[in-house]
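Let me begin by presenting the structure, written as structure tokens, before commenting on it.
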Amino acid sequence: MLIKSRSTHDCLESEVTDHSLYLQRRRFMEVSARGLGLAAIAPSLLLSACSDAATDDGRDQASSQPAQAADELTPYKDVTSYNNFYEFGLGKSDPAKYAADFKVKPWSVKVEGAVEKAGTFDLEDLLKGVQQEERIYRLRCVEAWSMVIPWYGFALSDLINKLKPTSAAKYVQFETLYDPAQMPGQKGRALDWPYVEGLRLDEAMHPLAFMATGLYGKDLLGQNGAPFRLVVPWKYGFKSIKSIVVIRFTETEPATSWNLANPREYGFYANVNPKVNHPRWSQRKERRIGEFRKRPTLAFNGYGDQVAGLYQGMDLKRYF
Ligand code: MTE
């Protein structure tokens, strides 16, 4: 995220969609949407209303703007080869290269803080009885690129309910594995390791907040945050912490890695907000990986009808 994204006109060959892939993806989307049966989620995934869209010169467009074309899935190859995972290097292709042998079995998770079921658990035990399902969510990076991914996993609220936070818990913090022998990026000082992220407890309990264990029907690869990672679709991608080993319930707002690294550029809330520019670039548009033209960025990444209520009364320019 320290590195500025490519200019509007750059286009990699791998980003130009081949027609047969396109058709396959459309079919996959239809099957997934049917299989999901998620009436509350599917419409906002398939159609993006442009009421909050911006023109090239930054002026708001009329709310009568026609809906955008249906979201297409980002090809598996791009999802697994264009990544941000600084523990494995700063380049987009570094995680795929350096996480190839990342060991995720056995995997222990420590649960601590204001919670009844504190302890250290093997991941398989931790997830026993937690219902897994597929969900298609957009991921919007603060660097102004985005993807549409068929994730596999479970509602974060299901796990939290199982862990039983006490009434003192107001936030939940997550921590990534610290293992410089396996994660060469941790030998450098790009961030203060381990990577940490957090949510207010009501954000974490929102039905859209998700923990992924897989994507495209396969287990997560190291570069995408194996064996499990957070997916918060209405927030910038950096909230979606990977390869989690600690879940900590706290009374006060926990530290988050990007906020620690640069509080002027990265806030605790990090809701996708096209009206709040990153200090070094605009957030009004985004480049969907696999597409040529930039598209307008939607408030809360298009999930505003479901999540805006969490932030009622807050000045989202201040709490960015
Ligand atoms: N989690 C850890 N531990 N380390 C990271 O560097 N990068 C974040 C997030 N989670 C990051 C992380 C950022 S900036 C983004 S955009 C997403 O992961 C990218 O997820 P993806 O590579 O699966 O697309």
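The values are calculated or read from the model by the stated rules, or taken from the named source; none is laboratory data. The shown structure was predicted, so the numbers you read here are calculated from the model rather than taken from an experiment. A quick note on method: Cβ atoms are made from the backbone with ideal geometry, for glycine too, and the neighbour counts reach across all protein chains shown. Just so you know, the surface numbers come from the protein's heavy atoms only, side chains and all, with ligands and any DNA or RNA stripped out. Shrake-Rupley method; radii C 1.70, N 1.55, O 1.52, S 1.80 Å.
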Solvent-accessible heavy-atom area per residue, rounded to whole Å², over region 66-192 at 1.4 Å: 43 Å²
Rg over Rh [alpha-carbon atoms, Kirkwood Rh] for region 237-283: 1.01
Pairs of Cα atoms farther than 23 Å apart, region 81-196, %: 46 percent
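Carbon and sulfur together cover what percent of the accessible area of region 178-258 at a 1.4 Å probe radius?
Values: 1320 of 2540 Å².
In region 178-258, the share of accessible area belonging to carbon and sulfur is 52 percent.
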Highest to lowest packing among 176-186, 161-171, scored as the average C-beta count within 10 Å: 176-186, 161-171
Kirkwood Rh in Å, taken over all unlike Cα pairs in region 160-316: 17.0 Å
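If the viscosity is 0.692 mPa s and the temperature 37 °C, what translational diffusion coefficient in µm²/s does Stokes-Einstein give for region 214-292 when Rh comes from Kirkwood over Cα pairs?
Numbers: Rh = 14.8 Å.
The diffusion coefficient I find is 222 µm²/s.
Determine, for each peptide in 89-99, 116-126, 190-200, the mean count of other beta carbons within 10 angstrom over its residues, then list the peptides with the highest first. Show your work: numbers first, answer last.
On the way: 89-99: 18.7, 116-126: 13.9, 190-200: 20.4.
Top of the packing list down: 190-200, 89-99, 116-126.
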